[in-house]
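Asks: Quick one: the structure is below, questions incoming.
None of the figures in this text is laboratory data; all of them are computed from the coordinates on show. Treat the numbers as computed from the prediction; the structure is a model and nothing was measured. Every residue, glycine as well, gets a Cβ built from its backbone with ideal geometry; the counts of neighbours run over all protein chains shown.
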Amino acid sequence: MTETTIAGAMLYDGTGSEGFLADVTIRAGRIAAITPASDPPATGSIDARGLALAPGFIDAHTHDDLVVITRPLMTAKVTQGVTTVVVGNCGISAGAGCATGDTLPDPMVLLGAPEAFRYATFAAYAAAVDATGPATNVAALVGHTALRARHLDRLDRDASVAERSAMRADLAEALAAGAFGFSTGLAYANAIQASTDEVMAVAAALRGTSGVYCTHLRSEGSGISAAIDEAVAIARHATAPLVVSHLKCAGAPQHGRSGAILEQLEVAAATHPVGCDCYPYTASSSTLDLGQVVPETPIMITWSDAEPAQVGRMLSEIAADWGVAPLDAAKRLQPAGAVYHCMAEADVDRILAHRLTMIGSDGLPCDPRPHPRLWGSFPRVIAHYVRKRGLLSLPAAIRKMTGLAADRFGLVDRGYVRAGMAADLVLFDPARIADRARYDDPEQPAAGVLGVWVNGVATLDRAGMTGARAGQMLRRPESQNVFQRRGSMNE
Ligand code: ZN
Ligand code: CU
């Protein structure tokens, strides 16, 4: 039986407590033993003295639904130390109720080309992930906009009673097949006409399961507070834990509101399981939204079907070249994607450091010129927020990237380094780990990540990616009572 011992690293176990020097032994895909470090390390073990060892990072917010199948090496994630990705966010997913035909409702194009959406059921998608075997584990949510695309003839309206039940039935089927929850993207044009009642009717499938409700709020701008109230009401209706996706205060008029917004979440969290995710950058990214084309927000074009030559340029420069207003230039670029420099650093700091916040990259893996969060989020939290700014301690940062996310999504045997748990681990140099992806050079792997194990298999070592693909499609454990299991989470 093959056994690996990682010897002498400072072990951060995912709970947020201080590190301690330990030898960690992996056997048959699990953590077999954690013992005080022997000095010098036993022969045959991996000498990890001077390095940090942590649970593999859990990317709490991704759009990797299809790339786990089409590009299963997952280089952008493994090189950061990520061992599990949560897919199906923002109302879009490939795992159930996907659109067919050759046009995808916005923003489903973020996930891949129309022909890649070929899974009629969640079980078929899960089987395809199993058959592929990506390098990271996958936990999947079911997207509301994807369900709408399947059951509604047009998306600029509220769903009928019959359509709501059809969507709820699809969600229930997916939950039974292992989906971890339900997501919405209510700010997007193809979901904004869905009433709160519609979302509640579909989300009701979460009742009696451990599934979570994740939401890209109906507004991240001036309507954010009302949007949080709506999200909490939906989660309560569904008796499901709430995850507010990529919490931010977007647009200059919203800057400085993060304190009040977090307080609003705190109040809800006192009586309901509530959390959020956040990426460590002051720019957002998605499809090009005309509503966000305002003079205060510098915008970079990440892709454009109509004008591919403009990719990587600022919208204001393109507009000046063309001699038109930025809004007209944006119309001419469509369909397109963009990076929006729309947040204030103080708000990002406050949200990122908050105890309810997990780290989610929200990386867009199909963009030709992606936001650097795709390749840099996790190392950046440590390099920028722990080491450079001192905003977080290292154990607290690691907890946000591991145990907290595992608890929130119900990944019962991951997120911690404990005997018996799955051997998802990352070994890094705490003095050197850093993001190298930049807005003008975004596809750069991180520095200082020296070892990644997924289900006990070495997926990255000092020489780089090993090519191993030991990730699993994770399936939600059945019949757990969320309030019993998660009730103490917000302490
Ligand atoms: Zn989103
Ligand atoms: Cu997203």
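Asks: Give me the distance in nm between label points sitting 7 Å out from Cα along the Cα-to-Cβ direction at Ala124 and Ser316, one decimal.
Replies: For Ala124 paired with Ser316, the spin-label model returns 4.8 nm.
Asks: Compute the distribution of all C-alpha to C-alpha distances in the chain, in bins of 10 Å from 0, and list the percent of pairs in each, rounded to whole numbers.
Replies: Spelled out bin by bin, the chain gives 4, 21, 32, 27, 12, 3, 0 percent.
Asks: For labels at Thr466 and His255 in the simple 7 Å Cα→Cβ model, what's the distance in nm?
Replies: For the pair Thr466/His255, the computed spacing is 4.7 nm.
Asks: For Phe20 and Ala447, what does the FRET efficiency come to when R0 = 25 Å and r is the distance between their Cβ atoms, rounded to the nearest 0.05? If you can, show how the numbers build up before the last one.
Replies: Numbers: r = 25 Å, r/R0 = 1.02.
For Phe20 and Ala447, the calculated efficiency is 0.45.
Asks: Can you give me the distance in nm between label points at Thr43 and Ala306, each placed 7 Å from the Cα along the Cα-to-Cβ direction?
Replies: For the pair Thr43/Ala306, the computed spacing is 7.0 nm.
Asks: Would you list the membrane-span-like helices of the chain, meaning whole DSSP H runs whose alpha-carbon atoms span at least 18 Å along their axis and whose mean Kyte-Doolittle value is at least -0.5? Please list the in-between numbers first.
Replies: Numbers: long enough: 161-176 (22 Å, 0.26); 224-237 (19 Å, 0.80).
Answer set is 161-176, 224-237.
Asks: Then there is this: Give, as ranges by residue number, the residues of the stretch 382-420 whose backbone N falls under 18 Å from the point 7 Å along Cα→Cβ of Thr35.
Replies: Zone members listed by number: 418-420.
Asks: Also: Nearest 500 deg cm²/dmol is fine: what mean residue ellipticity at 222 nm does the chain get from its DSSP H runs of n ≥ 4 alone, each adding -39,500 (n - 2.57), divided by its residue count? Intermediate results must be reported in sequence, preceding the final value.
Replies: Numbers: 15 runs with 130 residues, N = 491.
One gets -7500 deg cm²/dmol as the mean residue ellipticity at 222 nm.
Asks: Which percent, to the nearest 5, of DSSP beta bridges fully inside the chain are antiparallel?
Replies: On the way: 40 of 69 bridges.
The answer is about 60 percent antiparallel.
Asks: Tell me, how many Å apart are the Cα centres for the stretch 424-448 and for the stretch 297-337?
Replies: 30
Asks: Let me ask something additional. Could you give P(r) for the stretch 283-342, binned at 10 Å from zero, as whole percent values over all Cα-Cα pairs?
Replies: P(r) over the stretch 283-342, rounded to whole percents: 27, 65, 8.
Asks: Once the piece of chain linking Arg207 and Thr2 is laid out straight, how much longer is it, given 0.36 nm per residue of separation minus the C-alpha distance between them? If you can, show how the numbers build up before the last one.
Replies: Working: separation 205, 0.36 × 205 = 73.80 nm, distance 4.24 nm.
Result for the pair: 69.6 nm of gain on full extension.
Asks: Using a Cα-Cα cut-off of under 18 Å, which aspartates and glutamates could be cross-linked to Lys388, ignoring same-chain neighbours fewer than 8 residues away?
Replies: Glu345, Asp347, Asp349, Asp429, Asp435
Asks: Need the list of lysines near Lys331 for cross-linking: C-alpha distance under 26 angstrom, and skip anything on the same chain fewer than eight residues off.
Replies: Lys248
Asks: Quick check: net charge around Phe378, other residues with Cβ under 11 Å of its Cβ, Lys/Arg +1 and Asp/Glu -1? Before the final figure, lay out the partial values.
Replies: Working: positive: Lys77, Arg373, Arg380, Lys400; negative: Asp59, Asp435.
Summing Lys/Arg as +1 and Asp/Glu as -1 gives +2.
Asks: Another question about this same structure. Work out the P(r) tail for the stretch 333-491: percent of alpha carbon pairs separated by more than 18 Å, whole number.
Replies: Numbers: 8468 of 12561 pairs.
Result for the distance tail: 67 percent.
Asks: If you stretched the chain out fully between Val267 and Gln193, how much longer would it get, using 0.36 nm times the residue separation minus the C-alpha to C-alpha distance? It would help to have the intermediate numbers written out before the result.
Replies: Numbers: separation 74, 0.36 × 74 = 26.64 nm, distance 2.80 nm.
Length gained, Val267 through Gln193: 23.8 nm.
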